[in-house]
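I have placed the structure first, in the form of structure tokens, so that the comments after it can refer back to it.
The values are calculated or read from the model by the stated rules, or taken from the named source; none is laboratory data. These numbers were taken from a predicted model, which means no experiment stands behind them. Glycine gets a Cβ as well: all are built from the backbone with ideal geometry, and neighbour counts include every protein chain shown. With ligands, DNA and RNA removed, areas are computed over all heavy atoms of the protein, side chains included. Shrake-Rupley method; radii C 1.70, N 1.55, O 1.52, S 1.80 Å.
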Amino acid sequence: VLDKARVKHKIRLMGIDAPERKQTFGTKSKQNLSNLIAGKFIEVEYNKRDRYGRIIGKLLLNGQDINLQQVKQGFAWHYKHYLKEQSKLDRVLYSSAEIEARNKHIGLWVVPAVAPWDYRKAKRK
């Protein structure tokens with residue numbers, strides 16, 4: 001994300017985890033996010049950085065939660081490992097969105113998918 005001064009910031013999307021680039025749907029997930037926000041003015045709601053210095057935040061476009069949209073459209077998982085960092089409302093919304101996308105077999109749910117945290121763990125071994 002570029003700020004008003006055109007300084008680039010890396011954002012880790014809070015509450016979700018998307019397929020890695022080399023995973024099935026990795027490129028499609030990234031493209032979907034680009035389609036939602038590229039060239040648009042967004043807000044980043046955050047209060048934390050990860051160990052790599054990335055902002056951990058929620059992307060908002062005209063008040064719409066883009067992280068949640070990624071889950072609703074079947075291009076990300078609700079990342080339950082960090083539930084405590086989400087508001088109670090977001091926990092419910094993200095979890096429900098994942099269940100609905102899974103039940104509708106949309107996005108990455110059209111085929112059996114390997115969660116990105118499992119993919120990364122297997123790659124480390």
I'd like to know which of LEU59, VAL7, GLN73 lies farthest towards the positive end of the charge dipole of the chain, counting +1 on Cβ of Lys and Arg and -1 on Cβ of Asp and Glu. VAL7
Taking 7 Å along the Cα-to-C-beta vector as the label spot, tell me the LEU2-SER34 distance in nanometres, rounded to one decimal. 1.5 nm
Going from most exposed to least, what order do ILE106, ILE99, ILE55 have by accessible area with a 1.4 Å probe? ILE99, ILE106, ILE55
Return the single residue from GLY26, GLY53, GLY107 with maximal mean-square fluctuation; model: Gaussian network over the chain, springs between Cα atoms under 10 Å. GLY53
Region 1-75, Kirkwood Rh and Cα Rg, ratio Rg/Rh at 0.95
What part of the accessible area of the chain, given as a whole %, is carbon or sulfur when the probe is 1.4 angstrom? 54 percent
Region 1-52-region 103-124 distance, computed between alpha-carbon centres (Å): 19 Å
Tell me, what is the per residue accessible area of the chain in Å², probe radius 1.4 Å? 69 Å²
Gaussian network model of the chain, springs between alpha carbon atoms under 10 Å - residue of ALA101, ALA18, ALA115 with greatest fluctuation: ALA115
Compute from the Cα atoms of region 76-120 the Rg and the Dmax, the latter being the longest Cα-Cα distance, and quote both in angstrom. 11.3, 30
From Cα pairs below 8 angstrom and at least 6 apart in sequence, can you work out the relative contact order of region 1-79, rounded to a whole percent? 37 percent
Inverse of <1/r> over all distinct C-alpha pairs of the chain, i.e. the Kirkwood Rh in Å, gives 15.1 Å
Could you check the simple spin-label distance between LYS104 and ILE11, using points 7 Å along Cα→Cβ, in nm with one decimal? 2.2 nm
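Suppose every Lys and Arg Cβ carries +1 and every Asp and Glu Cβ carries -1, with no other charges. What dipole size does region 1-123 come out with about its Cα centre, to the nearest 20 debye?
480 debye
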So which of LYS58/LYS88; LYS28/LYS58; LYS80/LYS104; LYS40/LYS104 end up more than 26 Å apart, counting from Cα to Cα? LYS40/LYS104
